[in-house]
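Chemist: Sharing a structure with you now.
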Amino acid sequence: MKKVLITGAAGFLGSHLCDRFIKEGYHVIGMDNFITGDRKNLSHLESHSNFEIIEHDVTEFINIEGELDYILHFASPASPIDYLKIPIQTLKVGALGTHNLLGLAKAKNARMLIASTSEVYGDPLVHPQTEAYYGNVNTIGPRGVYDEAKRFQESITMAYHRFHGLETRIVRIFNTYGPRMRLNDGRVIPAFMGQALRGEDLTVFGDGSQTRSFCYVDDQVEGIYRLLLSDYSDPVNIGNPHEITISDFAEEIIKLTGTTQKVIYKDLPVDDPMQRQPDITLAKKILEWEPKVGREEGMKKTFEYFKGLSQDDLHKSEHKDFKKHIKK
Ligand code: NAD
Ligand code: UDP
């Protein structure tokens, strides 16, 4: 039985990846320090004989007994609100955490896949974004802690690949959504759906003309799975190219949720990218992958999930005590 270590396992993407690898017959070791994730995302796997969860901060030395075939490094705060609140942890998990995991992969002769992001393109001047684009990132802006951690993560991964001959894979993930996102992580989909459910106005930042392209989680997981098993070591974009402005998206959410509230406009956050759309030509060619779930279907499924949450979850504006999880 193949063994896979998934960091960030209690998070949104990590927990869906655990499900997928269990389904494929792997032994899965999940690792998480629960700083932005939630144990509840894994409760259905806890008693599974091929699943174990280790509570650990990956910025500290990592010890795993026995062999490992694959490592998927998904630990990192991922929403702008989260990484602005814990900027140093964000830099550390991308830099020190990745270094520890690459060392572990080398020791175990395991293949390592890292979760990079469309944020490596910053506020892009090339549209849609191809993997060949070097990006436009403000290193010292508030988002720089995330963007630069991810850029460093790509660099050190390529260095281990070239210098040590380690088998590595880099996925550049574009905005992905679905069940198990944290309702109050500040990302636009949980934000709008939470507001609709609480009967609040929907907050569009700026004039809403900025664009995003949203990918449903099942499609993302399929792309990541195929990339891991491919023999391609340069970065690959995985996302859904169907682009929409944030103001049009707010209207779609009003229709979907049936809320009678209106849209209100707030300041645009610093360095908020104005446009984003993945060019997925490469993924189509080498992975024979493309997204299958349209926005209407994906948003419906996601809204069903949020509707099922407790009133308590719905009304907590911030249920995460980040400080509790940070060791000095
Ligand atoms: P998430 O916040 O739901 O999950 C991240 C998980 O990592 C959490 O469970 C958190 O507790 C854990 N974590 C953070 N720091 C840790 C540390 N030092 N040690 C151990 N665990 C730690 O976020 P997500 O959306 O699931 O994102 C997962 C990964 O995918 C991240 O690396 C993120 O940068 C990347 N990504 C996600 C998206 C997206 O749209 N969801 C887009 C681009 C990239
Ligand atoms: N956004 C918004 N209202 C919100 C939350 C986000 O208008 O309540 C905007 C945000 O400014 C950005 C887009 O939605 O332009 C996507 O934001 P998100 O935080 O989901 O992801 P990212 O900016 O990292 O793509």
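Chemist: At a threshold of 8 angstrom on Cα-Cα distance, excluding pairs fewer than six apart, so keeping six or more, what relative contact order does the range 66-113 reach in percent?
Modeler: 65 percent.
Chemist: With springs only between Cα atoms under 10 Å, which of VAL126, VAL137, VAL236 fluctuates most in a Gaussian network model of the chain?
Modeler: VAL126
Chemist: Got a number for carbon plus sulfur as a percent of the chain's accessible area, 1.4 Å probe? Write down the numbers at each step before the final one.
Modeler: Working: 7380 of 14550 Å².
Whole-percent figure for carbon plus sulfur exposure: 51.
Chemist: Sticking with this structure for a sec: Go through the range 27-133 and name the GluC sites (Glu not before Pro) that are in a DSSP coil and have 16 or fewer other Cβ atoms within 10 Å of their Cβ. Before the final figure, lay out each step's value.
Modeler: Working: sites: GLU46, GLU52, GLU55, GLU60, GLU65, GLU67, GLU119, GLU131; in loops: GLU46, GLU60, GLU65, GLU67, GLU131.
When the GluC sites (Glu not before Pro) of the range 27-133 are filtered for loop state and at most 16 Cβ neighbours within 10 Å, GLU46, GLU60, GLU65, GLU67 remain.
Chemist: Could you size up the charge dipole of the chain around its Cα centre, putting +1 on the beta carbon of Lys and Arg and -1 on that of Asp and Glu, and report it in debye to the nearest 20?
Modeler: 460
Chemist: Considering only DSSP states other than H, G, I, E and B, which chymotrypsin sites (Phe, Trp or Tyr not before Pro) in the range 83-190 qualify as loop sites with at most 13 other Cβ atoms within 10 Å?
Modeler: On the way: sites: TYR83, TYR121, TYR133, TYR134, TYR146, PHE152, TYR160, PHE163, PHE174, TYR177; in loops: TYR133, TYR134, PHE174.
Passing both the DSSP loop test and the Cβ count: TYR134.
Chemist: Using only Cα atoms and rounding to the nearest 10 degrees, what angle (0 to 90) does helix 295-307 make with the longest principal axis of the chain?
Modeler: The angle comes out at about 90 degrees.
Chemist: Moving to a separate point now. Mean residue ellipticity at 222 nm from the helices of the chain, using -39,500 (n - 2.57) per DSSP H segment of n ≥ 4 over the full residue count, to the nearest 500 deg cm²/dmol?
Modeler: -10500 deg cm²/dmol
Chemist: Provide the per residue accessible area, probe 1.4 Å, for the chain, rounded to a whole number of square angstrom.
Modeler: Heavy-atom SASA per residue in the chain reads 44 Å².
Chemist: Relative contact order of the chain: what whole-number percent is it, with Cα pairs under 8 angstrom and at least 6 residues apart?
Modeler: Over the chain, the number comes to 18 percent.
Chemist: Expressed as an acute angle from 0 to 90° and rounded to the nearest 10, what is the orientation of the C-alpha long axis of helix 246-257 relative to the principal long axis of the chain?
Modeler: The helix 246-257 is inclined about 80 degrees to the chain.
Chemist: Of all DSSP beta bridges in the chain, what percent run antiparallel (nearest 5)?
Modeler: Rounded to the nearest five, the antiparallel share is 10 percent.
Chemist: Regarding the range 194-328, what's the average projected area of the Cα-atom convex hull, expressed in nm²?
Modeler: Details: hull surface 45.1 nm².
So the Cα hull casts an average projection of 11.3 nm².
The values are calculated or read from the model by the stated rules, or taken from the named source; none is laboratory data. As the structure is a prediction and not an experimental result, all values here were calculated from the model. Ideal geometry is used to build each Cβ from the backbone, glycine not excepted, and the neighbour counts take in all protein chains shown. Ligands, DNA and RNA are excluded from the accessible area calculation, which covers all protein heavy atoms including side chains. Shrake-Rupley method; radii C 1.70, N 1.55, O 1.52, S 1.80 Å.
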